[in-house]
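K.L.:
The structure under discussion is supplied below as structure tokens; questions concerning it will follow.
The values are calculated or read from the model by the stated rules, or taken from the named source; none is laboratory data. Computed from a prediction, not measured in an experiment: that's the story for all the values here. For neighbour counting, all protein chains shown are included, and Cβ atoms are generated from backbone atoms with ideal geometry for every residue, glycine included.
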Amino acid sequence: MKVEQLLQLLPQKEFGFLTAETAVDHQVKKLKGTIVFKLLLFSMLNSSKLSLRVMETFFQSAQFKKFASTDKINTKFNSIRDRISTINSDYFEKIFNILFTKYNKELEEENAVTRVDSTFINISAKLVQWGMTNGSTYSGLKYLKLSLSMKGSLPCSVQIYNHQDFVNENIALPDAILKNKHLNESIVVFDRGLQTRKAFDKFSNKDILFIGRIKTDVKYDIVKKYKLPKASKDSSVEVLEDLEVYLYGDSKPTTNTFRITKFKIKDSKEMLFLVSNVWDSTAYDIAALYKKRWDIEVFFKFLKQHLNLKHIVSRNENAIKVMVYMTLIVAVLLIIYKKTNDIKGFKIAKLKMEIELDNLMIKEIVKLCGGNPNKAKHLWDTG
């Protein structure tokens with residue numbers, strides 16, 4: 001899929017509706033919602049280290065003026081800063097949700113698994129009074145926590161936390177999972193940060209299927225022992241036990257029964273205990289589904305290394321929410337571009353997409369001026 005085709009999949013019809021619904025342009029004369037959206041999209045794709053000054057420079061470029069039809073508008077970095085700090089972040093959240101729904105159908109992926117995990121973004125405690133600490137309180141840093149869900153290849157939901165309670169994954173992950181509107185009948189997969197039995201019961205009561213890693217000192221009462229499957233040469237684990245149990249937490253048993261499947265990792269002494277409420281899959285299938293959780297670790301690395309997520313351009317809470325949703329929007333576009341063009345790495349996919357977008361804008365400028373640069377002077381003028 002070419003960049004031109006990819007951009008056509010953006011919800012152009014919905015932009016007008018969302019502008020009215022979120023009142024994103026109320027009393028705004030220059031930096032309309034669609035312009036801010038396109039500026040962030042263009043800047044994130046074309047910069048390895050985003051800043052307000054970088055966005056100001058891009059805004060004055062001929063390519064962006066053509067991309068966003070802003071040849072009659074000039075702006076400065078402080079105006080961009082103020083607009084991002086006050087613009088309704090719901091506008092970007094709704095665009096993200098529309099894109100996920102649309103592109104998830106485009107990819108026609110098997111959506112059996114939703115991976116859930118969290119990551120921290122550090123911010124300077126000297127610049128902000130809010131945020132959470134993580135570890136030492138003397139480091140001079142505060143943090144935001146993002147609890148993200150991925151369905152298939154795409155991010156489908158994110159919760160942004162700055163309250164200290166949410167440092168604890170037993171609080172953050174259940175909240176993120178229960179607020180995810182895109183789960184449908186997929187199996188939620190998470191790591192051992194989530195251990196609370198109350199959350200497991202709540203998931204079962206709400207018919208949310210899950211597989212998670214549990215500590216090896218887990219306490220339980222056995223209800224049933226399942227027959228062990230034959231050893232699999234293709235699996236990296238060996239099944240030791242497969243049980244239906246009541247779990248214990250705070251000395252009380254769970255109200256629901258759960259499945260504890262114990263594995264030994266081959267060529268290692270490490271043990272792997274998985275807890276789930278998935279009953280119609282083999283023990284080896286449970287292990288294979290859990291293994292898919294690793295994809296979200298790779299995705300976090302991509303967001304931080306190639307989409308500037310670890311370098312937030314503002315310390316304003318609203319602006320941070322805007323930047324997080326725009327980062328995920330750009331990530332969705334890059335994933336679609338990468339998969340439809342059969343590109344292996346995210347770094348190469350981003351580079352190729354940058355070049356193709358730049359060439360597309362230059363092509364449009366050449367067509368506009370008919371080979372005479374003076375006819376497009378209004379685009380080249382950065383004054």
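K.L.:
Do you know which residues across the stretch 55-97 are β-branched (Val, Ile, Thr) and surrounded by fewer than 17 Cβ atoms within 10 Å (Cβ to Cβ)?
P.N.:
Selection gives Thr57, Ile73, Thr86.
K.L.:
Given the condition under 17 Å from Val116 (Cα atoms), modelled with pLDDT of 95 or more, in contact with a helix residue (DSSP H, G or I) (Cβ under 6 Å, 6 or more places away or on another chain) and surrounded by 14 or more Cβ atoms within 10 Å (Cβ to Cβ), answer yes or no: does some residue in the stretch 176-186 qualify?
P.N.:
No - not one qualifying residue is present in the stretch 176-186.
Conditions tested, residue by residue: (1) in a helix (DSSP H, G or I); (2) farther than 21 Å from Val332 by Cβ.
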position	(1), (2)
Ile35	yes, no
Ser43	yes, no
Ser48	no, no
Gln63	yes, yes
Asp71	no, yes
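K.L.:
Taking the condition assigned by TED's automatic domain parsing to the domain that holds Asn46 and among the charged types (D, E, K, R), does Lys352 pass?
P.N.:
yes
K.L.:
Which of the residues belonging to the stretch 230-263 are exposed (fewer than 14 other Cβ atoms within 10 Å of the Cβ) and among the charged types (D, E, K, R)?
P.N.:
Across the stretch 230-263, the qualifying residues are Lys230, Lys233, Asp234, Asp250, Lys252.
K.L.:
Would the stretch 224-243 turn up any residue that is basic (Lys, Arg) and touching a residue at least 40 places away in the same chain (Cβ under 8 Å)?
P.N.:
no
K.L.:
Let me ask something else. Would you confirm whether or not the stretch 214-231 contains a residue that is within 25 Å of the chain's Cα centre (by Cα) and in the same structural domain as Thr257 (by TED's automatic domain parsing)?
P.N.:
yes
K.L.:
Give the stretch 157-204 a look and list any residue that's among the polar types (S, T, N, Q) and either closer than 26 Å to Asn122 by Cα or not in a loop (DSSP other than H, G, I, E, B) (or both), or say none. I'd like the intermediate steps shown before the answer.
P.N.:
Step one: filter the stretch 157-204 for residues among the polar types (S, T, N, Q), giving 157, 159, 162, 164, 168, 170, 180, 184, 186, 195-196, 204.
Residues satisfying the conditions are Ser157, Gln159, Asn162, Gln164, Asn168, Asn170, Asn180, Gln195, Ser204.
K.L.:
With respect to Val167, determine if the residue is of a type in the set (Val, Ile, Thr) and in contact with a helix residue (DSSP H, G or I) (Cβ under 7 Å, 6 or more places away or on another chain). Steps first, answer last, please.
P.N.:
Numbers: of a type in the set (Val, Ile, Thr): yes; in contact with a helix residue (DSSP H, G or I) (Cβ under 7 Å, 6 or more places away or on another chain): no.
In short, no.
K.L.:
Quick one: count up the residues across the stretch 274-315 that are assigned to a loop (DSSP other than H, G, I, E, B), touching a Ser or Thr at 6+ places or on another chain (Cβ under 7 Å) and among the β-branched types (Val, Ile, Thr).
P.N.:
Residues that pass the stated criteria total 1.
K.L.:
Identify, by number, the condition in (1) assigned to a helix (DSSP H, G or I); (2) under 20 Å from the mean Cα position of the chain (by Cα); (3) modelled with pLDDT of 85 or more; (4) more than 18 Å from Val3 (Cα to Cα) that Asp117 doesn't meet.
P.N.:
With (1) assigned to a helix (DSSP H, G or I); (2) under 20 Å from the mean Cα position of the chain (by Cα); (3) modelled with pLDDT of 85 or more; (4) more than 18 Å from Val3 (Cα to Cα) applied to Asp117, the lone miss is (1).
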